[in-house]
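Undergrad: I am attaching a structure below and will ask some questions about it afterwards.
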């Protein structure tokens, strides 16, 4: 996270350790999670959807240029900068991985319903995939914002 300096990627200012705890200093974002807006709002306007998608794609562009995959994009991991604003920030880099690493720490990972088919259907656990896998998740998020329902039935 320290590597990135882009407004749509959560900023990490520092990590501090004591004997019993680890403290992480991150950017203050007061608008809540995108999933809360989805649950509370009946319909997003096309302008709001455009702002959200633009922010997510600009953040991913910077990550992908560095060959980093997020691998867990979902509305819970997209935070809004301020309440009533749709300036969004990608958060939770816990499953992020460089596509140059061999082998990946976790090969098949992510949240069901948002994971790209090439990740879910992977047979060879030493196989590699590309940062493009994040775009499947972006498409699912777009579908939810536009149609107010997930593209796949089930939980």
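Here is a yes/no grid of residues against (1) touching a residue at least 40 places away in the same chain (Cβ under 8 Å); (2) in contact with a helix residue (DSSP H, G or I) (Cβ under 9 Å, 6 or more places away or on another chain); (3) under 25 Å from residue 101 (Cβ atoms):
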{"residue": "4", "(1), (2), (3)": "yes, yes, yes"}
{"residue": "29", "(1), (2), (3)": "yes, no, no"}
{"residue": "49", "(1), (2), (3)": "yes, yes, no"}
{"residue": "58", "(1), (2), (3)": "yes, no, yes"}
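Undergrad: Is there a residue in the range 89-105 that is at pLDDT below 95, within 18 Å of residue 131 (Cα to Cα), more than 14 Å from the chain's Cα centre (by Cα) and crowded, with 16+ Cβ neighbours inside 10 Å?
TA: yes
Undergrad: When the residues of the range 123-155 are narrowed to those that are surrounded by 15 or more Cβ atoms within 10 Å (Cβ to Cβ) and outside any helix (DSSP H, G or I), which ends up modelled with the highest pLDDT?
TA: Across the range 123-155, the extreme among qualifying residues is 131.
Undergrad: Give the residues of the range 40-88 that are at pLDDT 95 or above, in a loop (DSSP other than H, G, I, E, B) and closer than 15 Å to residue 5 by Cα, sorted by residue number.
TA: none
Undergrad: So which residues in the range 55-64 are within 14 Å of residue 142 (Cβ to Cβ) and out of contact with any strand residue (DSSP E or B) (no Cβ under 9 Å at 6 or more places or on another chain)?
TA: 57
The values are calculated or read from the model by the stated rules, or taken from the named source; none is laboratory data. These numbers come from a predicted model, not from an experiment. Because the Cβ atoms are built from the backbone with ideal geometry, glycine has one as well, and the counts that use them run over all protein chains shown.
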